[in-house]
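What follows is calculated from the coordinates using simple rules that are stated; it is not laboratory data. Computed from a predicted structure; not experimentally measured. Reconstructed Cβ throughout: ideal geometry from the backbone, glycine too, with neighbour counts over all protein chains shown.
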Amino acid sequence: MQTKSIYLWGAGGNGRAHMHALRPHVKLAGFIDNDPQKQDTHLCGHPVHGLPDILDSAPAAIFIASSWALDITSQLLREKALDPTRVIDFTLSLLLELEHAQRQSGQTILITGNSYAFNGFNADVFDHEMLNLALSSQDLATDYALVREAVHRLSASRIDAVFITLYHYIFDYEAAKRPGIDTSHIYSFLDSPNITASAYADIFHHDLNTKVRDSFSQTITPTMVRNAPASAHSRSNKVYPASQKRNVSTLNAMLAFLHEKAIRPIFLIMPMHDSYIAGISPTQATAFYAMVSELSKTYDVPVLDALKNQYPDTAYGDPTHLNRYGSRLFSQDVRAFMDNL
């Protein structure tokens, strides 16, 4: 297999996790990060650069490992800073999972959401093929785009259900923060011969997804518990009426699309640690549950409210994310909920 010399964008936790998965198979030239505090430093023995510093070196590829993968990719494409065929974003893992699902013959469950869902499911618990479309910092508009693409590629008859994961501020997610995401590029790398037509793609699919999910193996700490209420309070007080209207409309459109395709949606309100729940604004929680209830009644969507489930501290990697142990506990609850529908 020919090795590829690449830069990883994101000198943080995601970058480190991807580095460990990719390093045996590619030549890692270094990291890129927009944070001036990280530039001109080293991470795991590799230099950290700003984007302008590496463009003259004509890198073979830039792999976007940041939580803001879609935003960064869109920025690079919009500014034409790099040939699009040399930008590999975090969504490539979705493409390879989708490619894998297309080769199967059984029923598939789609999962949408952000990093809560990305880390929240253990596929071994389910007897379906699981296609997790969740990405860090993802919004409902991207969820909908991914679901439409997956339905198109797999066909509606192959999809048994769509798990739509929800959390208290999903309708208040500030749409204006992400005006430049180009969803037409989400799946553009599937047909790129220098990526998917190589052994690298298979290694990436089997190795990276496992490594990234398994990397979230920490357990919540006392410091995290102390800081959680303030974090929840801060998020609860960021209310954007225009974004709320847009996000509710987008979820409405997704549900109407699934209804048209005869695919059953299931709302899963993601679990969070008690310390975080304590800081959620009652006003926002009331509005959130009212919107979920209205949509559930309109489209006859079953709701599992795992925010009310009591999981032990050892199930959480931080106040809002399950770790691997927690993902198994939550998945078992989801499986039992489905069996009783």
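Grab the other residues whose beta carbon is less than 12 angstrom from that of Gly50, score K and R as +1, D and E as -1, and report the net.
Working: positive: Lys38; negative: Asp33, Asp35, Asp40, Asp53.
Once positives and negatives cancel, what remains is -3.
Summing charges over all other residues whose Cβ lies under 13 Å from the Cβ of Leu258, with Lys and Arg as +1 and Asp and Glu as -1, gives -1. Segment Glu260..Asp56, full-extension length gain: 68.5 nm, with 0.36 nm per residue of separation and the alpha-carbon distance subtracted.
Over 30 Å between C-alpha atoms is what I'm after, so list which of Lys245/Lys308; Lys80/Lys238; Lys38/Lys245; Lys80/Lys261 land there. The pairs that break the limit, which is 30 Å between Cα atoms, are Lys80/Lys238; Lys38/Lys245; Lys80/Lys261.
Across the stretch 331-341, coupling constants 3J(HN,Hα) worked out from phi with the 6.51/-1.76/1.60 Karplus curve, θ = phi - 60°, read 4, 5, 5, 5, 4, 5, 4, 5, 4, 9, 6 Hz, and Gly and Pro carry x.
Summarising the label geometry, the points placed 7 Å from Cα in the beta-carbon direction at Lys308 and His233 lie 2.6 nm from one another.
Put a dot 7 Å past the Cα of Asn340, heading toward its Cβ, do the same for Cys44, and the two dots end up 4.2 nm apart.
Would you mind classifying the stretch 228-317 by shape? Square roots of the alpha carbon gyration tensor eigenvalues, ordered a ≥ b ≥ c; an a/c under 1.5 is rounded, otherwise it is prolate if a/b is larger than b/c and oblate if not.
Here the stretch 228-317 falls in the oblate category.
Relative contact order for the stretch 242-341: 30 percent, from Cα pairs under 8 Å spaced at least 6 residues apart, divided by residue count.
Rounded to the nearest 0.05, the FRET efficiency derived from the C-beta distance between Asp274 and Ser155 at R0 = 35 Å is 0.25.
Would you mind classifying the stretch 262-311 by shape? Square roots of the alpha carbon gyration tensor eigenvalues, ordered a ≥ b ≥ c; an a/c under 1.5 is rounded, otherwise it is prolate if a/b is larger than b/c and oblate if not.
Because a/c hits 1.5 or more and a/b fails to exceed b/c, the stretch 262-311 counts as oblate.
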